[in-house]
């Protein structure tokens, strides 16, 4: 028998309410990236960037809501994969693009931002692969290995504060350092620390 998800135009009909909240999460992350592009294209006007900052906490609220709704509704065959893909956009790519937009554009900055996104992707992949092994007798995963990727919103908060305090100078980046042929802004190291925490196997964070 052909499954419902394999029939033409059956995809949306196969989604449950939680899946649409997850897609809202992905839309917020994508919108934040577009807002960053608008900020650069519109001579660094503040409004697009403010919108970008605001969309990422909204993405987190939708991410939390989809988990709550998923526990109260029927099972979705797409839930876990949708959630991971949306989280990569909203809590991996979007915070990295935000950092780049605000001035982390040196060679070493870019390498760190790319590594941060790769750590987020790797952390989500590990969770998806190991979730069944980490689950208890009731099927619930009791802890995360490494920090969850939404903790990257701490970085977004730091950037928002720094940008508010100094929108034009380099003080917000704690200066810059030339290393070889590239530039590194010391504040980008918080991305490195966040990425390392996400992939750490020693950190075990209780799962709500």
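Just so you know, all these numbers are worked out from the coordinates, no wet-lab data involved. Since we're looking at a predicted model, the values are computed, not measured. Every residue, glycine as well, gets a Cβ built from its backbone with ideal geometry; the counts of neighbours run over all protein chains shown.
If the range 41-81 were replaced by its equivalent ellipsoid, with semi-axes equal to the square roots of 5 times the Cα gyration tensor eigenvalues, what would those be, largest first, whole Å?
Over the Cα atoms of the range 41-81, the ellipsoid semi-axes are 33, 11, 5 Å.
For the pair residue 166 and residue 115, a Förster radius of 22 Å applied to the C-beta separation gives a FRET efficiency near 0.25, rounded to the nearest 0.05.
Of 161, 149, the sequence from fewest to most neighbouring Cβ atoms within 10 angstrom is 161, 149. Label-to-label distance for residue 61 and residue 125 is 3.4 nm, based on points extended 7 Å past Cα in the beta-carbon direction. Here the simple spin-label model places points 7 Å from the Cα toward Cβ, and for residue 45 and residue 158 these points are separated by 3.1 nm.
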